[in-house]
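Here the structure is laid out as structure tokens; the discussion comes afterwards.
The values are calculated or read from the model by the stated rules, or taken from the named source; none is laboratory data. Nothing here was measured: the structure is a model prediction, and the numbers come from that model. Every residue, glycine as well, gets a Cβ built from its backbone with ideal geometry; the counts of neighbours run over all protein chains shown. Ligands, DNA and RNA are stripped out before the accessible areas are found, and what is left, the full protein with its side chains, is counted by its heavy atoms. Shrake-Rupley method; radii C 1.70, N 1.55, O 1.52, S 1.80 Å.
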Amino acid sequence: MCFSATASVAAGTLLLGAGILTVRSARGARELPLAAIPLLFSIQQLVEGVVWMTFRYEAPLLNAAMTLAYSFFSHVLWPVYVPVAVLLIEPPGWRRATLWGLSVAGAAVAAYLMYTLMAFPVVSRAIGQHIEYVSPHFFAAAVMSVYLLSTAISPMVSTHRWVKIFGVLAAASFAAAYYFYARWFISVWCLFAAVLSLVLCAHLTSKTRRTEASAVTS
């Protein structure tokens, strides 16, 4: 499987349209963060498209800026954003309490990874048809475990069926990307997760979700 500027831009463009539709389908402020996930993935993929172009046109300063912007999404935003977005749509109960804990854990990992980004800037380089993001991996196993809990396991806690499905698919793609593309894991898994976020579009634009929401809160 090959990736390129074309793939990143195509994914970003697709998600841009879907993300706008999803945001417009949100019911109130509490759903907006979840609805914005495809739109945020769209921005991330378009940024990676620019990273690809900096290799072709030899633009090192732009490459450094876009690599940092991409890494902010991959390292800092997602581990805190995803559990909070799921938390906001959940009714009171044990699931909400669990999501609070996952949100705190995600925020801790995000803060640690923000520190590493500032102290040890990520370097991107094109290897074959993939982008490798090179950064130090201190406490890699612990950090990756908490990262997975906050980004992929937290949606599984949700009462909403399609949000759970997104979590299951995100976890499965995490494992597949790490097994088959370990060297390029960050780039590959983010692309997989971006495309899978279309599941959230299906959830938020579904005609049956109002019935599901009524059943959950009754």
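Quick notes on this one:
- Relative contact order, percent, the stretch 1-93 [alpha-carbon distance under 8 Å, six or more residues apart]: 31
- Ligands, DNA and RNA excluded, the heavy atoms of Tyr178 present near 110 Å² of accessible surface to a 1.4 Å solvent probe.
- Only protein heavy atoms count here; on that basis, with a 1.4 Å probe, Thr98 has an accessible area of about 60 Å².
- Carbon plus sulfur fraction of accessible area for the chain, probe 1.4 Å, in percent: 73
- Scanning the chain for trypsin sites (Lys or Arg not before Pro) that sit in a DSSP loop and have at most 15 other Cβ atoms within 10 Å, the longest stretch containing none of them is 31-206.
- Between His137 and Tyr179, full extension at 0.36 nm per residue minus the direct alpha carbon distance yields a gain of 13.4 nm.
- For the chain, the longest principal axis of the Cα atoms and the long axis of helix 78-88 meet at an angle of about 10 degrees.
- Kirkwood hydrodynamic radius over Cα pairs of the chain, then Stokes diffusion coefficient at 10 °C and 1.306 mPa s, in µm²/s: 90
- Accessible surface, per residue, of the stretch 20-158 when the full set of protein chains is kept, probe 1.4 Å, Å²: 47
- Taking a point 7 Å out from the Cα of Phe55 in the direction of its Cβ, the residues of the stretch 116-133 whose backbone N falls within less than 20 Å of it are 121-133.
- Mean separation of Cα contacts under 8 Å, 6 or more apart, over the residue count of the chain: relative contact order %: 23
- With Cα atoms, 0 to 90° folded angle of helix 60-71 axis to the chain main axis: 20
- Theoretical ellipticity at 222 nm over the chain - DSSP helices of four or more residues, -39500 (n - 2.57) apiece, nearest 500: -22500 deg cm²/dmol
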